[in-house]
Ligand SMILES: *Cc1c(COP(=O)(O)O)cnc(C)c1O
């Protein structure tokens, strides 16, 4: 008999799609996947070299639980340089990816029944992690017509005496929205007045377009910094998803509690990956610039192409590498064959071998998330297939 908490989380809505995509691939079909949540670029050469060097130099043993001092210092430098935030080593913890960082945060903050406010559409793991840690996710809806920005009045109404924290993810996966200063100031005021923690997931910080600026909410005031746990990592910015390095910066009591939990669960993240991360943060950043330029080119192409398909529409995302495509009209017109975005995703996969993640996975029916972390050639071919598939759907 398994623990009751296991029943609280649903298997990922993407799982079924993935299994199906794998099946089709195994049959030799050419599946184009818009479902991927990781950059299609290679980890920069200098970073790989640093890892090889670490192996050769025997840096292959346990490290301090919360990360090697060299990496903590590189993170401190980065936060000062990019976000104008000053931290000390006691206020930093390195974990096995930002996902693990977030899990540690919920472990140390939540008592049974504590509420965590999550703007919706949301990244799939936030509610699941809250539930696994005995908390209650409370969703605050954001709307496409408002560019998925957070309405402070709606946020205020969601706060109860049990609210412990607010999760922010800007730039956002899946919507690509970036919260502006005014919005962040509204959140800040609420958090301070109601004594809430802000968990700020900034993993897409570097992937922004059109001169849009990422503002780290902790930088708004010294008071706010004491209530904020900043989460970031190297998976997206340095194409290092497999290396599993994420980190948090925050109040010492929170970080030291997280370090205690980590000391009894995973211990340190991989020593070799930590040395690679030092190089990623301190070395040249030109591959990042190249990656963002290429993402930008694809973004423009894909937004334009999708908006030309009857029944599909999407806004220009400001950051990250996803389009959150409105497919409500397509579902309406294809009623005979599909009645939800999950159905539509399955239809596209079966009929034209294009994989996309249905909006339900992010808490919003009527949308599909398309990642543009695939080559321009594949994007073009994929869009062409979608166009034909949707046409067929209406027949
Ligand atoms: C990818 C992603 C993460 C976590 O990435 P890690 O590989 O665990 O560092 C966290 N938040 C969001 C919104 C993401 O898309």
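A Förster radius of 41 Å, combined with the Cβ-Cβ distance separating residue 49 from residue 212, puts the computed FRET efficiency at roughly 0.80. Counting every other Cβ atom within 10 Å of each residue's Cβ, 33, 265 order from fewest to most as 265, 33.
Write down, largest first, the equivalent ellipsoid semi-axes of the stretch 113-159 in whole Å, where each equals the square root of 5 times an eigenvalue of the alpha-carbon gyration tensor.
Working: eigenvalues 88, 33, 4 Å².
That gives 21, 13, 5 Å for the three semi-axes.
Computed extension gain for residue 125 through residue 151, at 0.36 nm per residue and net of the alpha carbon distance, reaches 7.1 nm. The share of Cα pairs per 5 Å bin across the stretch 45-177, counted from zero up to the longest distance, runs 2, 9, 14, 15, 16, 16, 13, 8, 5, 3, 1, 0 percent. Helical content alone sets the calculated 222 nm signal of the chain at -13000 deg cm²/dmol, taking -39,500 (n - 2.57) per DSSP H segment of four or more residues and averaging over every residue. Test of understanding: ordering 346, 258, 1 by Cβ neighbours within 10 Å, fewest first, what list do you get? Listing 346, 258, 1 from fewest to most nearby Cβ atoms yields 1, 346, 258.
The long axis of helix 98-109 is offset from the longest Cα principal axis of the chain by roughly 60 degrees. Across the stretch 246-320, the fraction of Cα-Cα pairs farther apart than 14 Å, rounded to a whole number, is 76%.
Between residue 70 and residue 316, the simple spin-label model (points 7 angstrom out along Cα→Cβ) gives 4.3 nm.
Taking the Cβ-Cβ separation of residue 384 and residue 139 as r and a Förster radius of 35 Å, what is the calculated FRET efficiency to the nearest 0.05?
0.45
Cα axis of helix 13-26 to longest principal axis of the chain: angle in degrees, 0 to 90, nearest 10? Once rounded, the angle reads 60 degrees.
Here residue 253 and residue 340 are evaluated by their C-beta separation; at R0 = 35 Å the FRET efficiency comes out at 0.20. Extension gain, residue 391 to residue 290: 0.36 nm times the residue separation minus the Cα-Cα distance gives 32.8 nm. For the chain, take the longest principal axis of its alpha carbons; what is the angle in degrees between that and the long axis of helix 69-83, to the nearest 10 within 0 to 90? Helix 69-83 sits at roughly 60 degrees to that axis.
Distance distribution P(r), the stretch 164-218, all Cα-Cα pairs, bin width 5 angstrom from 0: 4, 20, 31, 24, 14, 6, 2 percent. Taken over the stretch 1-109, the percentage of Cα pairs per 5 Å bin, counting from 0 up to the bin with the maximum distance, is 2, 8, 9, 13, 16, 13, 12, 14, 9, 3, 0. Across the stretch 47-97, the convex hull enclosing all Cα atoms gives 95 Å³ per residue.
Listing 357, 383 from fewest to most neighbouring C-beta atoms within 10 Å gives 383, 357. Computed from the alpha carbon atoms alone, the convex hull of the stretch 231-380 holds 161 Å³ per residue. Under 18 Å from a label point set 7 Å out along the Cα-to-Cβ vector of residue 223, the amide N atoms of the stretch 174-217 belong to 182-199, 217. Ratio of Rg to Rh for the stretch 59-282: 0.94 [Cα atoms; Kirkwood radius as inverse mean 1/r over pairs]. Estimated translational diffusion coefficient (Stokes-Einstein, Kirkwood radius over Cα pairs, 25 °C, 0.890 mPa s) of the chain: 112 µm² per second. Once Rg and the Kirkwood radius are both taken over the C-alpha atoms of the stretch 301-374, their ratio Rg/Rh works out to 0.94. Between residue 297 and residue 77, the contour length at 0.36 nm per residue exceeds the alpha carbon distance by 76.1 nm.
Considering only C-alpha atoms, what is the centroid distance from the stretch 372-395 to the stretch 209-233, in Å? When both Cα centres are located, 37 Å separates them.
Read-outs: derived from the displayed coordinates by stated rules, not from any lab. Model, not experiment: these values are computed from the prediction. Neighbour counts run over all protein chains shown; Cβ positions are idealised from the backbone, glycine included.
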